[in-house]
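The structure under discussion appears below in the form of C-alpha cells.
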Amino acid sequence: MRHIFVVLLLTASTALGQTVSFTGAAIQNGEVTVSLANCEKLNPVTWTRTGTLLCSSLTFFLTEGSCTDKPDAAGNFEVDEIGQNDTTASGTINLQMSKALNAKGETCEAQKANRTYKLCASTTRQTNLGQCDSTLVSIGNSVSFILDPVAPNAPEAPAVTGLDSALSVSVTTTSDMARLKVEVVEVTQGDDGGSGTPGAVVRSKEQVTPNNVFRMDGLENGKTYGVRAIAFDKAGNESPASALATGAPIASNGFFDEYVDAGGQETGGCGAGGGGLAVGAAMAALGFWLTSRRKQS
C-alpha cells in the first residue's frame with residue numbers, strides 16, 4: 001500500500017509540474033500588440049510544454065476574463081487543442097484579433113479603445129491523491145494580446161542645429177512613442193519672409209527611442225530646410241506630423257581657414273609683434289575650429 005501511494009504521489013508530481021511557455025518575435029515584454037490596420041494579421045506564437053497530460057486535453061484560448069474560464073464560454077475563442085494522449089511537445093498558434101472580436105459579435109472597425117485578451121493554456125490536473133480535478137488550471141506564462149487602435153499624439157516641433165552639410169535634429173519623446181521618424185523637406189519662402197508650405201521630402205530617417213537625436217546628412221550648406229517629426233507606438237500606429245521647424249546647414253572651415261579669418265597670416269617673420277598676433281590669431285582660430293568640430297559631432 002505504501003508503494004502504491006509513492007507511485008501515485010510521483011505521478012501526481014509530474015502532472016502538477018506541467019508548464020507551457022510562449023515564445024516568438026511577436027511577443028514584446030509579455031505582449032503581442034497590433035494596430036487597427038493589423039487587426040486581420042496572423043501573429044505566430046510558439047508554445048512549448050513540459051510534463052504529461054493525464055486528466056484532460058490542453059486547450060489554448062483567448063479570453064478577456066480568466067484563464068480558468070471554460071474555453072468554449074461566450075466570448076472566449078479557442079485557438080488550438082492538444083489531446084489527452086498527444087505527446088507533442090511544441091507547436092505554433094496564430095493569434096488573429098479579428099477572430100477574437102468576431103467571437104463576441106464585434107468587428108475591428110468598431111473599436112475606438114484598447115482591447116486586451118489573455119492567451120491561456122489551461123487543463124485539469126491530478127490532485128496529490130491521484131484524482132482528476134474538474135477545475136481548469138492555467139499552466140502558461142502570461143501573454144497579453146492587445147488591440148491598440150489609437151495613434152499617439154504628434155511630437156513637439158523638433159530642435160534643429162546646423163552642421164556642415166547636415167542638420168542635427170532632437171525630438172522630445174513621450175512614453176507612448178516606440179519609434180520616431182524625422183523628415184527633412186523643401187520649404188518655399190513666404191511673402192512675409194517666413195517659411196511657406198512644406199514641399200518634397202529630401203531626407204528621411206527612422207530609429208527606435210530613446211535614440212531621439214538624428215543626424216540628417218547630405219544637405220546643402222546655407223539652404224533653409226523644413227524639419228518635422230512623426231511618432232509610432234508599439235502597435236505601429238502613426239502619429240500626425242509635428243509642427244514644422246526650420247534650419248540651415250552651416251559650412252565649417254578647417255583650422256587653417258579659421259586661423260586666417262581670425263587675423264593670422266600665411267607667412268610671417270619671427271618678430272615679437274608678429275609672433276603675438278600670430279599666437280592670438282591661432283588661439284582664436286583654434287577656438288572657432290573646436291567649436292565647429294563640436295557642432296559636427
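Per the conditions (1) within 30 Å of L53 (Cα to Cα); (2) part of a strand (DSSP E or B), the sole criterion not satisfied by V160 is (1). Residues considered: A121, A100. Of these, the only one that is crowded, with 20+ Cβ neighbours inside 10 Å, touching a residue at least 40 places away in the same chain (Cβ under 8 Å), assigned to a helix (DSSP H, G or I) and not assigned by TED's automatic domain parsing to the domain that holds K234 is A100. Criterion first (of a type in the set (D, E) and touching a residue at least 60 places away in the same chain (Cβ under 8 Å)) does D176 satisfy it? Here the answer is no, as D176 does not meet what is asked.
Restricting V34, V6 to residues that are modelled with pLDDT under 95 and among the hydrophobic types (A, V, I, L, M, F, W, C) narrows the list to V6. Between N76, N43, the distinction of being closer than 30 Å to A151 by Cα and at pLDDT below 95 belongs to N76 only.
Are there any pairs with C-beta distances below 7 angstrom linking a residue in the range 25-37 that is farther than 16 Å from S98 by Cβ to a residue that is among the basic types (K, R), with the two at least 6 apart or on different chains, and if so which? Going by the 7 Å Cβ cut-off, the qualifying pairs are Q28/K234. Looking only at residues in the range 209-223 that are surrounded by 11 or more Cβ atoms within 10 Å (Cβ to Cβ), of a type outside the set (S, T, N, Q) and within 18 Å of the chain's Cα centre (by Cα), the one that is nearest to T172 (Cα to Cα) is V213. Taking the criterion of being buried (at least 16 other Cβ atoms within 10 Å of the Cβ), under 29 Å from the mean Cα position of the chain (by Cα) and at pLDDT below 95, the only residue of the range 180-208 that qualifies is P198.
In a loop (DSSP other than H, G, I, E, B) and either at pLDDT below 95 or of a type in the set (F, W, Y) (or both): is that true of L54 in this structure? Judged against the criteria, L54 is a match. State whether the residues of the range 231-241 include one that is exposed (fewer than 14 other Cβ atoms within 10 Å of the Cβ) and modelled with pLDDT of 95 or more. Yes, there is a match, as at least one residue in the range 231-241 is exposed (fewer than 14 other Cβ atoms within 10 Å of the Cβ) and modelled with pLDDT of 95 or more. Does D133 count as under 30 Å from S66 (Cα atoms) and touching a residue at least 24 places away in the same chain (Cβ under 8 Å)? Here the answer is yes, as D133 does meet what is asked.
The values are calculated or read from the model by the stated rules, or taken from the named source; none is laboratory data. Worth saying up front: this structure is predicted, and the values here are computed from it rather than measured. A quick note on method: Cβ atoms are made from the backbone with ideal geometry, for glycine too, and the neighbour counts reach across all protein chains shown.
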